[in-house]
1. For the residue pair A:LEU178 and B:LYS358, what label-to-label distance in nm results when each label sits 7 Å from Cα along the Cα-to-beta-carbon direction?
2. Evaluate the relative contact order of the stretch C:251-325 (contact order divided by residue number), counting alpha-carbon pairs under 8 angstrom at least 6 apart; express in whole percent.
3. Taking only C-alpha pairs under 8 Å that are 6+ residues apart, what is the relative contact order of chain C in percent?
4. Check the straight Cα-Cα distances from A:LYS40 and name the aspartates and glutamates below 18 Å, setting aside those fewer than 8 residues away within the same chain.
5. By counting other Cβ atoms within 10 Å of each Cβ, how are B:GLU476, B:GLU172 ranked from fewest to most?
6. Averaged over peptide D:35-42, how many Cβ atoms belonging to another chain are found within 10 Å of each residue's Cβ?
7. Determine the sum of side-chain charges near A:LYS82: Lys and Arg each +1, Asp and Glu each -1, restricted to other residues whose C-beta is under 14 angstrom from that of A:LYS82.
8. Give me the net charge of B:SER361's neighbourhood, meaning all other residues with Cβ under 11 Å from the Cβ of B:SER361; Lys, Arg count +1, Asp, Glu -1.
Amino acid sequence: MMKQTRLFQLIMVGLGLMMLTLLPACGGGASSGSSSNAPKQIVIGASIPETGALAAFGSYAKWGYSAAVADVNKSGGLFLSKYNVKVPVKLILYDDQSQPDQVTANTQRLVLSDKVNALLGSATPPLVIPGAVVAERNHIPLVAGMTPIRAFLGANPHWTYAWDIFFDEFDMTQQQFLTMNTVQSNHKVALFTDNEQDGVVMGQLWTQNAPKFGYQIAYHASFPVGTTDYGDLIRRAQASGAQIVIAQMETPDAITLWRQMQTLNYRPAAAFIEKGAEPVQWWNALKMAAQGTMVAGYWYPTLPYPGASTLRQRFEKDTGQTYSQHIADTYTAAQVLMDAIVKAGSLDAQAINTAIGQTNKTYVVGPVDFAKGPAGHTSPLPSFMLQWQDGQTQIVYPQNKATARFIYPLPPWSAV
Amino acid sequence: MLLELENVSKSFGAVAAVNQLSFSIAEGEVLGIMGPNGAGKTTLLNLIMGAIPLDRGTVRFAGEQINGLRVSAICHRGIGRTYQIPQPFKRMTVLENLLVGELYGGRRQSHRTAHAEALEILERVGLAERRDTPATSLGLLDLKRLELARALSLHPRLLLLDEIAGGLVESEIEALKAILIDLKRSGMTMLIIEHLLSVLFDLSDRILALNFGKRIAEGSPEEVIHNELVIKAYLGTEATRGREELTTIQPGYADSGQVPAARPDPPAPREPVPTQTNGQAASANSAPATAAQNGTPLARIAHVSAAYGEFQALFDVSLDMYPGEIVALIGLNGAGKTTLIRTLTRGLPLKGGDIFFKGQSITRVPPHQIAALGIAQCIEGRKIFPELTVLENLELGAYCKRARGQRQQTLRRVYDLFPILAERRDQLGSTLSGGQQQMLAIGRALMAQPELIIFDEISLGLAPIVIDDLYRAIVEINRQGVTVLLVEQSVQRSLDIAHRAYIIEHGRIVLTGTAEELRQNEQFRRAYFGI
Amino acid sequence: MYRLRRMSVEYQKSRASQGSLLSHLSWLRWALLALVLLALALLPQVADPYTIALVYTMFIYVALAQSWNLVGGYTGLISLGHAAFFGLGAYTTAILMTWANVDFYPAILASGLVASIFAVIISFPIFRFRGIYFAIGTLVLSEALRIWMINWSLTGGAQGINLPIANTPDPISFYYVGFALAIIATGVLVLVLHSKPGFGLRAIRDNEDAAQNMGVNTFMVKLTAFAISACIAGLAGGIYAAYLGTIEPYSIFSVDWTITAINTVIIGGMGTLIGPIIGTIFTTALSEGLKNYQTIHLIITGVILILVIRFLPAGIWGQLRNWLRLPGSTAREARKV
Amino acid sequence: MTSSTLLAGAISGLLLGGLYAVTALGLSMVFGVMRLVNIVHGELLILAAYLDFTISGALGIDPLLTALLLIPVMFLIGYPIQRWLLNPLMHQGMEPPLLVTFGLSIIAQNLMLLIWKADSRAITTGYSDVGLQLFGVRVPLLYLVAFVLAFVLIGGIQFLLSHSYIGKAIRAASQDARTAQVMGINPEAVYALTYAIGAATAALGGTLIGMSFSFVPTSGLTWLLKGFVVVVLGGMGSIVGMLGGGLILGVAEGVGAAITGTGYRDMIGLLIFLAVLVIRPRGLFGRSRE
């Protein structure tokens, strides 16, 4: 025993010393960056949630970013007028496990260690904003999608290096009521919002908008992400007699909520599950139980934007999954960034940043113009209402865009 | 009066550790406190220091009532205390140990003077050259020195010494005594608890003898040592004791109406032992002889030495137990009795020597398999499982395979021996009285169907008549053919029933022989009483 | 470098503390120390941003580790709740800078203060437990605080707070702030440990009852250590928050901060001054070496932690010290403690 | 809030209490016998949940049946931990073993992260979403199942401890290891066995967690803390006490959540824990040894 112990002690201390010698190596290893006049490659980095509660969004972001970069590289990369050459683009993606502090760490590493020339955003405000802050501090331009613009601006009204292309909550939080106006209901709404950035912002907006459209928020539940037991909240919502459920929560939480609503037999006439019901995981987890649930959208393959329908086919061919609108805004975000680099004609962060600001063009997700936002640095996308029908999302409002009949009211649980 | 106690009482559960005790110490006086184990001596110190709250009474120091104050505050009043088992600050050096006292002793002073004074004290107790050694690497004597030095670093007006000489060998004791006498000369007020009467008597101006937490005698060393009660308390022969004396020792005993049994019939050994075991007619005087004739001892401890870390507790100890014998192992506490038992039951690794049971060396056997060999023991302090029922306790006694089978029969035997256990079979162990607990412990040992039973200090803190019952039981058990090793402080009792006895002192067997031989032996009496 | 316990003895011996340090530490050691400090001070001039950021975080970890070391290593209070102090510090700075437009420096000072005040308040219930009970109590307390902050809308609930990054220093200044913090943290320990409280703390660690008998008011001494420790952790939290620019309760109050501190100290060597520093270098090197394998890195850390507890109770530094026979090495009793 | 929501909270909480009791069982046994705070218990629960999730998913067996399969598995995972990792440290006081389990939880957590990723999972079956009416309150069927199982399991363990020889040995060793040794009991073996049994109970506890709630690799801490609360409330040592503790916590959470809102749910237990600790430091884990 004693001998063995001593042996281990030797090993341990040896290991320790090894580590100590290892450190400087790492410090050194963290340097690169070509100083030759024409850069060998353009490095774009992003931290995305490949795992964790937001993994669903991460997978779309990964595809959207990669696809856009691949397209550019097919044609030899981006043309930099300053050096008069085409330079290939290298995309670096790190998984942040859906954790904000991990986003910070990843982005730090992208900027300091990988020396990226520009950044793309993660998914949803809690993850996008920490990354944007790092970009801001290090003066590296960052273009993000998947972040409702008011939440984005709420974090910092005066972004200088961070840009956002997504829907405007103000517009989006009207869609639910507009949709409901097309049918009969008791105009009583039960709100379920988590207390993350977008949850809070949209919770407030719905509370403001409801009276304008003649609706009453009968019950408003606010709760932290990752809540496991919604029983109490559901019972209260039920007690309030609300026929309309509007929720704003992450997909796993939304699934839990919906399941427990079934268990406790609370069946609203209409349910809008914002954010949570966007990815196909929602349908996959609940199948027919999700039939008729609605979620606001901002993109649809049939919309008259360049390459819209092909983008969908391409995604479904690549992945074998059902598409999500997120492939469009992430693809676009990458395009906008790379167009700006070409416009800048160099890798000067300042120049690229300015170029982004001047973007005014219709992309696959729709028209992008950062002047249009309620404040700068945000380009809002018009929203409409989608409904899950047999594993597909269909536009049900506005009627002129509608792609399918509006299922209303939801059949009782027993019928599911 | 520097320290005054006014009918102070403290009891743990049913046991009264300190009972209506009052005494006082004058400035510059040295008060010695003596009494057998469990007399409540250490509890007394804890009460004075405020380490445990007292139930009733008051403690005054220099006129101020101090009971209720927090320990550190009492210490600041000027009371220094040493622990029976040294409790140094292990990872600090000797000097640092003292600096704690110097700096926190309640006297404002600069680090420099603190340092100087600490060194002074180290000189005084003879630790100066060890000052930078971490306390853990000290031997026992130095640890005791440190205890003393640390108490002195408080510059106390009163010094409480708990068994400061315990476990040391003659030369060391002398060394320590010298320091204490020197202290006394310098006018230090001291309260000394000590088993080594030699130390106690040489130092004390006045002696207070306790038993069962009550004063049984007080006065000059001379008076106290010749006091009947004191001798009895130490020798523990209660049989001849008249009722009234009994009551003085046993508060509330008389009113319980029990009258101690008349002297038990001349105990077992004087009758032939039924020979169902390895057919030997054992009698006190013939036992070893016959055993020697009919060959090998049941258990043999051969030249064993053992140590706790730095401190050697046993030196080349040899001891034989022949089948059917009752062997007594007698010695003061700290003499090494329990250590010897622990080596026998593999609780403590040997430094040297060997131990045989039925001819086989058992020094490789893991402790939990000793029972399986047929060795059972009643551990000092009963150690019954408080939250198991009496029955469960007994069943666990028969845990090892060899006994589990016939546990029903054995159980009956035990119930015959101690009917009370049968009555209480479903009570929790903790609810039994001390005596009953001891019976349970014995019964539990029997359940293992052992060939050798070790009884370790079974009479500790028990009322004499209870002890009588236990001893009768032991004789009975032995009569049924079980070999018995009896570990005792109370000489008289053990000699009454033992065939042979070994006297252990400072980890060495100093004397051995048949009960009769020992009774006659002058050296033995001295060895025991230290007078 | 130098050894503490011995120093304190020397310290007592000498006329004045400074004298003693000098008298004890050969000029070589001083030169070494000075050299290291100088090198660290000049690093930003030469190193690339990544290395600077790396060393900066190491400073924060050293501070955090030393803060835990003071209670865990020297006082024997195994705190599993240091995340609470760190988090409180972070939020204090965030709130002051965001709502009250307080400058960065006063804000972080406030962080330290708030953290220690919190420590003092909780000490009254929490010091009634010893050993593992204290450990559990602190863990529960910090988790309760975390849940509270997640739900408390006043502090932004789960979305946390976004600091005005414009008002926060640039990376280089952060580096020096961190540098200062690490030095202060270590320095405070030196001061505490060979002034009077140092003896009290170690006495309590070795034997609380005996310490009381020696007149140590254990409650007050423990309180002092706890408050100082909390203060350091709070400062670290404040600085870190400003550095992040955006904080949310999940990660800022995460038990991971406690884990990091404990790992660092135990691996480096509990109850030693150099241990936490060695530990920080060790763990950082490890995570750098495995930066592409986050989870694997943590698994290995866990394994190492266990191996150290099992076979290297004195930690890397403690063991080295024992082998190099540096004065007062704790070889003998290390396993028993 | 209306009295009806309070009642609902109370009833569903009461049922949930059974689940809490099961999840705390292992923690309580290990603490009771070895005086060891098993920080990794939370991870053991979640590990069991993941195993059940994977196995029942792959083989298409009912999760509760799978749990039965998991019992020996968890037992075998637990045994070596105590035998070779913790036993050698037991004599060094309480902190070193505590810190080792601390290290273990780091390892376990990240292993699960490695294998199952950070995605949140839930064990679903035909009856996961079934609810039923109870005293006019609608509650998930699963809570009721968990409640019943809790009684069965705890009854079983209680019986094992009080009626089997090994059970008595465990109790003896927990009260006085050295004396137990004299009786011929090998404490080290008993410890390992106890720990293994504790881990085995996590098989059921974890499964129930997985079926009633969603979980991620880092969920362990929450359940560890709930475990502490239950152990404290139940009064260490008595297995039946676990049931009491669990029910109290369940109701307190249910009612508390109905009053303060779901977010603070997990905090309620912790506050109770601290309160109890402060009122009876040490004592609360049952008898304290001094």
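1. Result: 9.6 nm between the two label points.
2. The normalised contact order for the stretch C:251-325 reaches 36 percent.
3. 28 percent
4. Within the straight-line cut-off, A:LYS40 pairs with A:ASP114, A:ASP348.
5. B:GLU476, B:GLU172
6. 2
7. Result for the local shell: +1.
8. +2
Read-outs throughout are calculated quantities, based only on the coordinates presented, and are distinct from any laboratory measurement. Computed from a predicted model, the values in this text were never measured in an experiment. All Cβ positions, even for glycine, are placed from backbone atoms using ideal geometry, and neighbour counts span all protein chains on display.
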